[in-house]
Protein chains: 6
Amino acid sequence: MPIIRVEMFTGRSEDQKRAIVRDLTDAFVQAAGGSPDSVHVVITDVDKGNWGAGGQLCSDKYPE
Amino acid sequence: MPIIRVEMFTGRSEDQKRAIVRDLTDAFVQAAGGSPDSVHVVITDVDKGNWGAGGQLCSDKYPE
Amino acid sequence: MPIIRVEMFTGRSEDQKRAIVRDLTDAFVQAAGGSPDSVHVVITDVDKGNWGAGGQLCSDKYPE
Amino acid sequence: MPIIRVEMFTGRSEDQKRAIVRDLTDAFVQAAGGSPDSVHVVITDVDKGNWGAGGQLCSDKYPE
Amino acid sequence: MPIIRVEMFTGRSEDQKRAIVRDLTDAFVQAAGGSPDSVHVVITDVDKGNWGAGGQLCSDKYPE
Amino acid sequence: MPIIRVEMFTGRSEDQKRAIVRDLTDAFVQAAGGSPDSVHVVITDVDKGNWGAGGQLCSDKYPE
C-alpha cells in the first residue's frame, strides 16, 4: 500500500515518466518487500518559477 | 482546523467537486467532531500520465 | 485510485479514526463515483505544538 | 535540508513568488538556524475551484 | 532538486530504509537524469491505525 | 487561506517552532498579501533516519 510521490521540474517526457514509475516501484519492492501491485506513484511537475532553492526562484537561478 | 486533501484523476466536474467538498466536510465533522467552518479541503487533479500503479503509468493501464 | 489525506490534531480515538476512514470513503464515492475499494485514506495526527494559525502556535492559542 | 511548501490561491505574480521564496527562506533561517542554501521552497497554486472551506468551494464563496 | 516521498507502514528496519533511499535515488537518476546529490528522499512511517483502504482501517483489515 | 508546511529535522525547541510559525506567517503576508489570521503552518519533524540526501540516510551522513 506504499505511496511514492515525486516532485520534479516540469519537462520530463512520457517515456521518462513511464521509466520513473516502473523503476521506482521495482526499487521499492526490492528494498522493502511487498508486491508491486500495491505501490502507487504520483508525479508532480513543478515549474522552475514555483521552486525556490537558497532563497532564489529556480527560474532566476537556472534560466533556460 | 483539519485539512483534507484529495488526489484524484483529472476530469471531475465542478458539481462533483462541490459535492466532494460539502460531503467530505460533513462526513469529517460527523465522525470526528468540530465545526465545519474550520475544515479545509484541497483537491489535486492528477493526470493519468502522472499516476502509476503496479509499476505502470495509468495512462497506459487505463487508456480512454 | 483516489488518495485522501487528513491532517488533524492528535487525540482522536481509534473509533473516531475508523469512522473517518469509513465515512470519508463513502462520501467520496457518492460524490465522485468509483469503487470504495480503490480509495486510500491516510491520517496524520499533528500535535498542537506543530500547528500554527494566525501566527501563533495552537498549543499557545488553545491550551488544554 | 528543510523543505517549505506553500499552497495558496492561483494568481500571485512572479515578483510575489520571488519575494515568498526569499522571505520565507530568510525567516526560517532566522528562526531555526541552518544555512539558506539548504532550504527548498515549493509553491503550489491552487484554483479556487479546487479549494473548499466550511463545506463550500471557494469559487462559490469568493467569486471574483 | 527532485524530492521523493515514501509513505509506508511502520516497521521497516534501518537497513531497509537505507536501501530505499539508495535504490530509489539510483532509480530516479537512471530514469530521469540529473545528479544523485540533488535528490531528497523523505520517508513517513504510517501506523496501520492511521491508514484506511476500501473504507476500513488497515489495523482492522490486516491485524498482526 | 494559505497553508505553509515545514519539514525539518527533529530537534527544534518549542521556542524555535513558535518563531517559525510567527515569522513565516509574517513573511508570507508581507510578500503575498492577505491576513495573517488565514495562514496555517504545519510543522513535520523528520528523523535523520527517515531523510535521505544524495542516496544516503542523513543519520549515516550526519551522525550526531
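The values are calculated or read from the model by the stated rules, or taken from the named source; none is laboratory data. The model shown is predicted, which means the values in this text are computed figures rather than measured ones. Because the Cβ atoms are built from the backbone with ideal geometry, glycine has one as well, and the counts that use them run over all protein chains shown. Areas reflect the complete protein model, heavy atoms only, side chains present, ligands, DNA and RNA absent. Shrake-Rupley method; radii C 1.70, N 1.55, O 1.52, S 1.80 Å.
If the condition is being under 20 Å from residue C:9 (Cα atoms) and within 9 Å of the chain's Cα centre (by Cα), then region F:8-47 contributes F:8, F:17, F:20, F:21, F:41, F:42, F:43, F:44, F:45. On the stretch given as region B:36-64, residues that are in a helix (DSSP H, G or I) and open to solvent by 10 Å² or more (accessible area, probe 1.4 Å) total 9. For a quick check of your reading of the model, give me the residue pairs whose first member lies in region C:14-25 and is under 11 Å from residue E:54 (Cα atoms) and of a type in the set (S, T, N, Q), whose second is modelled with pLDDT of 95 or more and not in a helix (DSSP H, G or I), with beta-carbon atoms closer than 8 Å and at least 6 apart or on different chains. Note: pairs meeting the criteria are C:25/C:4; C:25/C:39; C:25/C:41; C:25/E:52; C:25/E:54; C:25/E:55. Just one of the listed residues (C:29, C:6, C:42) is more than 24 Å from residue F:7 (Cα to Cα) and either aliphatic (A, V, I, L, M) or touching a Cys at 6+ places or on another chain (Cβ under 7 Å) (or both), and it is C:29. Only a single criterion out of (1) within 7 Å of another protein chain (Cβ to nearest Cβ); (2) touching a Gly at 6+ places or on another chain (Cβ under 8 Å); (3) under 30 Å from residue F:19 (Cα atoms) is not satisfied by residue C:61, namely (1). Residues in region E:3-29 that are of a type in the set (S, T, N, Q) and more than 25 Å from residue D:39 (Cα to Cα): E:10, E:13, E:16.
Matching residues to (1) closer than 24 Å to residue A:61 by Cβ; (2) assigned to a helix (DSSP H, G or I); (3) at the interface with another protein chain (Cβ under 7 Å from one of its Cβ atoms); (4) open to solvent by 50 Å² or more (accessible area, probe 1.4 Å):
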position: D:5; (1), (2), (3), (4): yes, no, yes, no
position: D:12; (1), (2), (3), (4): yes, no, yes, yes
position: D:15; (1), (2), (3), (4): yes, yes, no, yes
position: D:20; (1), (2), (3), (4): yes, yes, yes, no
position: D:25; (1), (2), (3), (4): yes, yes, yes, no
position: D:31; (1), (2), (3), (4): yes, yes, yes, no
position: D:34; (1), (2), (3), (4): yes, no, no, yes
